[in-house]
Amino acid sequence: ESHKLWGGRFSSETNPKLEKLNSSLHLDRRMYAEDIEGSKAYAVALEEIHLISNSEKEDICQGLDRIRIEWDKNEFITKNGEEDIHTTNERRLKELIGEPATKLHVGRSRNDQVVTDMKLWLKTNLATLKNAIRLLIDTIVTRSLKEIDVIMPGYTHLQRAQPIRWAHYLLSHAWSLKNDYDRLLNNFQLLDVMPLGSGALAGNPFNIDRLKLAENLHFSQITPNSMQAVSDRDFIADFLFWASMVGIHLSRLAEDFIIFSSKEFEFVTIDESFSTGSSLMPQKRNPDSLELIRGIGGGLFGQCCSFMMVLKSLPSTYNKDLQSDKEAMFTTFDKLTSILEVTTGTVKTLKVNSEKCRSALSYEMLATDVAYYLVRKGVPFRTAHHIAGRVVAEAEEKNVNICDLTLEELRSIR
Ligand code: ARG
């Protein structure tokens, strides 16, 4: 017997190549708990409007609990050719409890089910990313406090600009991450709007109490338009964009440390536990951790961009194109989690070489301070800037540091 949910109008088998392409179970099995939670709440709602009896509801909920345990224990057995998590859970429920299982899906479609599952999943799992970002920020802050006295050159255009504290530099990355953290807390209200009860597209004709359903599933609102609800993946796009932004921040941090760890700079030494060697050149110690962060961090935007292209020009309501939302969401989630963790480890264990940092400072980096000295003496800034520039030129000409020019020489500068 075919375990397809839609076998009724079909007389021949699905082509195996299509079956393979069509299946999302290898990805959406990660949402088994959310799928079960949604189904249990839906069973409760069906009982309230007397579409199923109390004992049928009990059977359904107990069956679903058993399925949940099977998944938890990694004992759930999926069948070849099963389409997705919704299909496989329903098939198993029927095996376990028989007929009542066949009543659960009334008024519901996989179209409102899948988007409910995904919102539930993301709501829960964003906490992992939130903690990972927090941990990285904490790591940076702890280092900054401990190494507050390390001074180094600050760069613009990768040219020595002004002396700065290492802590000032480190914290600049933490502040970008703090913005990401705040956006994570504030930008995800769309996740809190429940689509369940939208049916395939036309809504639920049985008058189920959606507000109560939302409350049971811990959503604060319900979607107002069923056609929009089943096609809406804006919350995924938001997530992908947010993740891309974090990825870009991490890639910039990584790039800095790749440069700073080169022999030419040697401001930092990446710990052995976060570097690798070369199979050919025995002396090499490569900052692979940082290069992976830089590459993967950039790649996250590829996911975002590609999913936006899937959304573009889709006709209204549900289309199977949308199934690629799972790959985009899970891949992005996993990659971002892992580069956040590796960034934290790399930043935590690297060594800052304060001597190297200090010796990279040069006196002409104080030219701005020469100008500010004159400003404090009442010279207008543009004039002061010009004079300080002349001081640098004079020192360069005499092949000395600006601090080695005599008072007389300095006074003669116009
Ligand atoms: N696996 C599908 C997805 O992820 C679930 C929705 C299927 N709906 C449908 N009408 N075929 O998008």
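The values are calculated or read from the model by the stated rules, or taken from the named source; none is laboratory data. All values reported here derive from a predicted model rather than from experimental measurement. Glycine gets a Cβ as well: all are built from the backbone with ideal geometry, and neighbour counts include every protein chain shown.
Hey, any hits in the stretch 277-285 for a residue that's crowded, with 19+ Cβ neighbours inside 10 Å, in contact (Cβ under 8 Å) with a residue 12 or more places away in the chain and touching a Ser or Thr at 6+ places or on another chain (Cβ under 6 Å)? Within the stretch 277-285 (the criterion being crowded, with 19+ Cβ neighbours inside 10 Å, in contact (Cβ under 8 Å) with a residue 12 or more places away in the chain and touching a Ser or Thr at 6+ places or on another chain (Cβ under 6 Å)), the answer is no, since none of the residues qualifies.
Going residue by residue through the stretch 115-133, is there one that turns out to be exposed (fewer than 15 other Cβ atoms within 10 Å of the Cβ), in contact (Cβ under 8 Å) with a residue 24 or more places away in the chain and more than 26 Å from GLU48 (Cβ to Cβ)? Yes, the stretch 115-133 has at least one match. Only residues that are near the ligand (Cβ under 8 Å from one of its atoms) and part of a helix (DSSP H, G or I) were counted across the stretch 98-117, and they come to 4.
Hey, does the stretch 286-303 have a residue that's within 16 Å of the ligand (Cβ to nearest atom), free of Cβ contacts under 8 Å to residues at least 60 places away in the same chain and either among the acidic types (Asp, Glu) or surrounded by fewer than 19 Cβ atoms within 10 Å (Cβ to Cβ) (or both)? Among the residues of the stretch 286-303, not one is within 16 Å of the ligand (Cβ to nearest atom), free of Cβ contacts under 8 Å to residues at least 60 places away in the same chain and either among the acidic types (Asp, Glu) or surrounded by fewer than 19 Cβ atoms within 10 Å (Cβ to Cβ) (or both), which makes the answer no. Residue under question is GLU99, and the condition is that it be in contact with a Phe, Trp or Tyr (Cβ under 6 Å, 6 or more places away or on another chain) and farther than 29 Å from ASN15 by Cα; does it hold? No; evaluated as a whole, the condition is false for this residue. For the stretch 312-329, the candidate set comprises residues that are in contact (Cβ under 8 Å) with a residue 40 or more places away in the chain and more than 15 Å from MET31 (Cα to Cα); within that set, the residue that is farthest from the ligand (Cβ to nearest atom) is SER316. Selection of the stretch 1-37 for residues being part of a helix (DSSP H, G or I) and more than 25 Å from the chain's Cα centre (by Cα) yields GLY7, GLY8, ARG9, PRO16, LYS17, LEU18, GLU19, LYS20, LEU21, ASN22, ILE36. What's the total number of residues in the stretch 79-97 that are in a loop (DSSP other than H, G, I, E, B) and surrounded by fewer than 16 Cβ atoms within 10 Å (Cβ to Cβ)? Number satisfying all stated conditions: 2.
Just checking, does the stretch 265-274 include any residue being farther than 29 Å from VAL150 by Cβ and surrounded by fewer than 19 Cβ atoms within 10 Å (Cβ to Cβ)? Taking every residue of the stretch 265-274 in turn, none turns out to be farther than 29 Å from VAL150 by Cβ and surrounded by fewer than 19 Cβ atoms within 10 Å (Cβ to Cβ). So, of the residues in the stretch 134-155 that are under 25 Å from the mean Cα position of the chain (by Cα) and free of Cβ contacts under 8 Å to residues at least 24 places away in the same chain, which turns out to be farthest from ILE339 (Cα to Cα)? So, considering only residues that are under 25 Å from the mean Cα position of the chain (by Cα) and free of Cβ contacts under 8 Å to residues at least 24 places away in the same chain, the one farthest from ILE339 (Cα to Cα) is THR142. Take the conditions (1) within 16 Å of the ligand (Cβ to nearest atom); (2) out of contact with any Leu (no Cβ under 6 Å at 6 or more places or on another chain); (3) part of a helix (DSSP H, G or I); GLU70 misses just one of them, which is (1). Assess whether THR346 counts as being assigned to a loop (DSSP other than H, G, I, E, B) and either in the same structural domain as CYS304 (by TED's automatic domain parsing) or modelled with pLDDT of 95 or more (or both). Answer is no for this residue. Screening ASN207 with (1) surrounded by fewer than 17 Cβ atoms within 10 Å (Cβ to Cβ); (2) assigned by TED's automatic domain parsing to the domain that holds ALA328 gives one miss only, at (2). Could you tell me whether any residue of the stretch 187-195 is surrounded by fewer than 17 Cβ atoms within 10 Å (Cβ to Cβ), outside any helix (DSSP H, G or I), under 22 Å from the mean Cα position of the chain (by Cα) and among the polar types (S, T, N, Q)? Yes.
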